[in-house]
Amino acid sequence: MADPIVTAWQTHCRLSSKFWDAIPAASLECKPTAPGRSIGQMLAHIHNNRMNWLEPLAPDLARSVPKIPKEWPREPNRLADALRASGEAVEKFLARSVDAGGAMKGFRGHAANFLGYLISHESYHNGQIAIVLKQAGTPAGKQTAYALWDWRTPK
C-alpha cells in the first residue's frame, strides 16, 4: 500500500485532472474580469511551479519533464500531457522523500508540508479557473465541480 502522503497526491492529481480535462479548449483563452492569467496560462503555471520545485529538489526527475513555453496554453493535449508528467514526477519525489524519512533538503519541513503547499497552491488556481469559467459563461458542470471534493478512495 502506498504511503498516505503519496496517496493524497495521487488523489489530488486524479481529481484535478478530471476538472482540467472538462475545460473546453476554447475556454483556455478566457481571462478573469480583472487583469490576470488566462485559464491556459494558469494551467501552465501549475505545471511550471511543480517543475520549479523539482529542478533543485530532484533534478534527475525534472530533466525528463520540460517546462511549458508561453505558446503552449493554446494546446490542450500538450497541457494535459505536461500536467500528468509533472504530477507523476512529483509523486516519485514524494515517494522518495517518504522512503528517506520525510526530510527534504531545500524545502522547510517534512514531505507532508510540501504536499500541503502543492495542494493549496493548485487548489487556489482551480478556484480561479472555476470563477473565470463562470464569468465567461461556460461554468464547470456541477458534477465536474463537485468531483474536486470527492476524496473517497476510488473503486
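The values are calculated or read from the model by the stated rules, or taken from the named source; none is laboratory data. Keep in mind that this is a model prediction, so the values were computed, not measured. Positions of Cβ are generated from backbone atoms using ideal geometry, with glycine treated the same way; all protein chains shown enter the neighbour counts.
Exactly one condition in (1) part of a loop (DSSP other than H, G, I, E, B); (2) charged (D, E, K, R); (3) closer than 22 Å to VAL132 by Cβ is false for LYS67; which is it?
(3)
Looking at ALA95, ALA80, ALA62, ALA130, can you tell me which residue is closer than 17 Å to VAL6 by Cα and either in contact (Cβ under 8 Å) with a residue 24 or more places away in the chain or small (Gly, Ala, Ser) (or both)?
ALA95
Inspect segment 123-137 for any residue being within 13 Å of the chain's Cα centre (by Cα) and hydroxyl-bearing (Ser, Thr, Tyr) and give the result as yes or no.
The answer is yes, given that some residue of segment 123-137 is within 13 Å of the chain's Cα centre (by Cα) and hydroxyl-bearing (Ser, Thr, Tyr).
Checking GLY116 against (1) closer than 22 Å to THR153 by Cα; (2) in contact (Cβ under 8 Å) with a residue 24 or more places away in the chain, only one condition comes out false. Which one?
Just one mismatch for GLY116, condition (2).
Any idea which residue in segment 98-110 is farthest from LEU61 (Cα to Cα), counting only those that are at pLDDT below 95 and crowded, with 16+ Cβ neighbours inside 10 Å?
Taking the candidates together, the pick is HIS110.
For segment 134-146, what are the residues that are assigned to a helix (DSSP H, G or I) and under 11 Å from ALA22 (Cα atoms)?
GLN143, THR144, ALA145
Quick check: is even one residue across segment 85-95 surrounded by 15 or more Cβ atoms within 10 Å (Cβ to Cβ), modelled with pLDDT of 95 or more, in a helix (DSSP H, G or I) and among the aromatic types (Phe, Trp, Tyr)?
Looking for residues that are surrounded by 15 or more Cβ atoms within 10 Å (Cβ to Cβ), modelled with pLDDT of 95 or more, in a helix (DSSP H, G or I) and among the aromatic types (Phe, Trp, Tyr), one finds at least one in segment 85-95, hence yes.
Counting just the residues of segment 1-49 that are outside any helix (DSSP H, G or I) and of a type in the set (Lys, Arg), which one comes out farthest from ALA62 (Cα to Cα)?
Taking the candidates together, the pick is LYS31.
Per-residue answers, yes or no, for (1) touching a Leu at 6+ places or on another chain (Cβ under 6 Å); (2) within 15 Å of ASN126 (Cβ to Cβ); (3) β-branched (Val, Ile, Thr):
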{"site": "ALA22", "(1), (2), (3)": "no, yes, no"}
{"site": "GLU29", "(1), (2), (3)": "no, no, no"}
{"site": "THR33", "(1), (2), (3)": "no, no, yes"}
{"site": "ARG37", "(1), (2), (3)": "no, yes, no"}
{"site": "LEU43", "(1), (2), (3)": "yes, yes, no"}
{"site": "ASP60", "(1), (2), (3)": "no, no, no"}
{"site": "ARG74", "(1), (2), (3)": "no, no, no"}
{"site": "ARG78", "(1), (2), (3)": "no, no, no"}
{"site": "LEU83", "(1), (2), (3)": "no, yes, no"}
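So which residues in segment 50-64 are in a loop (DSSP other than H, G, I, E, B) and not polar (S, T, N, Q)?
ALA58, ARG63
Count, please, the residues in segment 28-37 that happen to be in contact with a helix residue (DSSP H, G or I) (Cβ under 6 Å, 6 or more places away or on another chain) and crowded, with 16+ Cβ neighbours inside 10 Å.
Going through segment 28-37 one residue at a time, the tally reaches 3.
A quick yes/no check of all residues on (1) under 20 Å from GLY141 (Cβ atoms); (2) at pLDDT below 95:
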| residue | (1), (2) |
| --- | --- |
| ASP3 | no, yes |
| ALA8 | no, no |
| ARG37 | no, yes |
| MET42 | yes, no |
| ASN52 | no, no |
